[in-house]
Amino acid sequence: MKTILQRMDRREFLVGGSTISLVGTAGCTDSIGFDFGSQESLEVTGAWPRPEFDSGSTGHNLDVSGPTDEPEIRWEAKTPVDSMHVPAVVVSDGVAFFAGGSIVTAIDVTDGSQVWQTQIADEHVPGGGRGRHCSMTVDNEFVYVGTHEGLAVLTKEGEEVWSYEVEVALGASGVFRSPAVSDGTVYFGTAEEQAVSAYTTDGDKQWQYECDNLIIGSPSVTDDGVFVATSDGDLHAFSTDGEHRWTKEIGTTSSKAAVTPTVFDGTVYATAAGSQRGNALVAFDAQTGDEVWRNNLSPSFVGSMSIFERSSLRELVCPTWHGTVFTYNVHDGSVTWGVPLGDRLSGSCPIPATDKQSVYIAAVDSLTRIAPRRERAWQVSLEDVGGSVAVLDDALLVGSIDGRCYALA
């Protein structure tokens, strides 16, 4: 495979304004329209740096409190999203960064106005359902964006610093889920290379390991190590310096492990689907790889898992293909409760987001708040929303497949 590391801008962009011109690598010029409307100024605090919130992919932040009463749309911004893609929204320092596939847009959280917008790749159509999730992470310095062409690293002002490029294979290439950033290192998986890679945040290669099967989910990183699930139903564990520590079977050779593992309190939670042993939800000891518990009666999961934690209550929040969100006891894998959202969730690719009192999920043309152990607390109709929800204090940001970013408070 041809892999190129670049430390140069591949696109030009203009800051501000309603329309920008982008110069592609082939010398052609594209125009991208951007519309925004500000109904009311929004004052918020908090940050949501990754669709899964943190490098451990817990989707869980105890330091913010999202809205408990049914919110209203405060602003919506029309932003480009590639065909058949589900956008990602992250928030840092009062700016929402919106990944739409080939294009990244920065939006002022207070009023929905554009800060900048730039194209980082050509548009590609995902194949076989792979690569639908737009991929993005932000830290104190950089914005990390995965595409079908690899990984692009931008300053928070929108200038490309470096990129990791893969050889494009139709519908099957790229960094499909969000990179994980921890202690000055960015970790990411590439599908067609079947590899997990680690680079310093300014672009120096640290290590790379080929797993011999597709990596479709995100790597999850904590002090316990780096954890990656592969399409054959295996879970791989590495030390942060690249030593391969163990491989464990989530399902069977007929299984598919496309969901990002979640690492929490020394345990790795992973899922797989297969005909021989059913749909498995499994917990492993992060250090040893020993199986802690297994639930082979689980339904087929979509999107990603999240952690809900309040006092002594700790549960896994899992959206399912047939439209219900279930939670499982983190200690033994038993089902604790479930809430139906509506029709099948597979097209929405939902990633639940939790704070200390709520679960928020974008799917089935709506944004829903679930109060644990109760029914839906409220549900706001928003056409084509999906993917991740960014939870801030008393506010939520979410993107839609038809190319909109909404702020609700």
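Observations on the model:
- Among the residues of segment 49-99, those that are within 17 Å of residue 350 (Cα to Cα) and assigned to a strand (DSSP E or B) comprise 60, 86, 88, 89, 90, 98, 99.
- Residue check for residue 174: out of contact with any Ser or Thr (no Cβ under 8 Å at 6 or more places or on another chain) and either among the acidic types (Asp, Glu) or assigned to a loop (DSSP other than H, G, I, E, B) (or both): no
- When residues of segment 187-202 are limited to those that are assigned to a loop (DSSP other than H, G, I, E, B) and touching a Ser or Thr at 6+ places or on another chain (Cβ under 8 Å), the one most open to solvent (accessible area, probe 1.4 Å): 194
- Scanning segment 173-205 for residues that are more than 17 Å from residue 141 (Cβ to Cβ), of a type outside the set (Ser, Thr, Tyr), in contact with an Asp or Glu (Cβ under 8 Å, 6 or more places away or on another chain) and touching a residue at least 24 places away in the same chain (Cβ under 8 Å) yields a count of 4.
- Lone qualifier among 57, 92, 83, 113 - being over 20 Å from the mean Cα position of the chain (by Cα) and small (Gly, Ala, Ser): 113
- Filter result for residue 354 (under 18 Å from the mean Cα position of the chain (by Cα) and either open to solvent by 10 Å² or more (accessible area, probe 1.4 Å) or among the polar types (S, T, N, Q) (or both)): yes
- Filter result for residue 222 (polar (S, T, N, Q), modelled with pLDDT of 90 or more and either open to solvent by less than 50 Å² (accessible area, probe 1.4 Å) or within 16 Å of residue 133 (Cβ to Cβ) (or both)): yes
- Leading residue by the ranking (farthest from residue 83 (Cα to Cα)) among those in segment 383-399 that are touching a Phe, Trp or Tyr at 6+ places or on another chain (Cβ under 8 Å) and at pLDDT 95 or above: 392
- Any hit, segment 178-186, residues being within 19 Å of residue 240 (Cβ to Cβ) and surrounded by fewer than 18 Cβ atoms within 10 Å (Cβ to Cβ): yes
- The set of residues from segment 262-281 being surrounded by 21 or more Cβ atoms within 10 Å (Cβ to Cβ) and either more than 23 Å from residue 350 (Cα to Cα) or at pLDDT 95 or above (or both) comprises 262, 263, 264, 268, 269.
- When residue 125 is tested against the conditions (1) open to solvent by less than 10 Å² (accessible area, probe 1.4 Å); (2) assigned to a loop (DSSP other than H, G, I, E, B), the lone failure is (1).
- Any hit, segment 103-111, residues being in contact (Cβ under 8 Å) with a residue 60 or more places away in the chain, assigned to a loop (DSSP other than H, G, I, E, B) and aliphatic (A, V, I, L, M): yes
- Options 403, 387, 342; residue that is without any contact (Cβ under 8 Å) to a residue 40 or more places away in the chain and either surrounded by fewer than 24 Cβ atoms within 10 Å (Cβ to Cβ) or closer than 22 Å to residue 327 by Cβ (or both): 342
- The number of residues in segment 173-188 being closer than 17 Å to residue 90 by Cα and of a type in the set (S, T, N, Q) comes to 2.
- The residues of segment 320-334 that are farther than 17 Å from residue 264 by Cα and surrounded by 15 or more Cβ atoms within 10 Å (Cβ to Cβ), listed by number, are 320, 321, 323, 324, 325, 326.
- Subset of segment 151-172 [of a type in the set (Ser, Thr, Tyr) and without any contact (Cβ under 8 Å) to a residue 40 or more places away in the chain]: 155
- Within segment 360-380, not a single residue is within 20 Å of residue 263 (Cβ to Cβ), surrounded by fewer than 24 Cβ atoms within 10 Å (Cβ to Cβ) and among the aromatic types (Phe, Trp, Tyr).
- Test for residue 308: is it among the aromatic types (Phe, Trp, Tyr), touching a strand residue (DSSP E or B) at 6+ places or on another chain (Cβ under 6 Å) and free of Cβ contacts under 8 Å to residues at least 60 places away in the same chain: no
- Residue list for segment 203-219, restricted to those being open to solvent by 30 Å² or more (accessible area, probe 1.4 Å) and either in contact with a Phe, Trp or Tyr (Cβ under 7 Å, 6 or more places away or on another chain) or of a type in the set (Val, Ile, Thr) (or both): 205, 206, 209
- Condition check for residue 189: under 13 Å from residue 102 (Cα atoms) and touching a strand residue (DSSP E or B) at 6+ places or on another chain (Cβ under 9 Å): no
- Of the residues making up segment 295-312, those that are part of a loop (DSSP other than H, G, I, E, B), at pLDDT below 80 and within 19 Å of residue 353 (Cα to Cα) are 302, 303, 311.
The values are calculated or read from the model by the stated rules, or taken from the named source; none is laboratory data. Please read all numbers here as calculations on a predicted model, not as lab measurements. Using ideal geometry, Cβ is built from the backbone for each residue, glycine included, and neighbour counts are taken over all protein chains shown. SASA here: full protein model, heavy atoms, side chains in, ligands and nucleic acids out. Shrake-Rupley method; radii C 1.70, N 1.55, O 1.52, S 1.80 Å.
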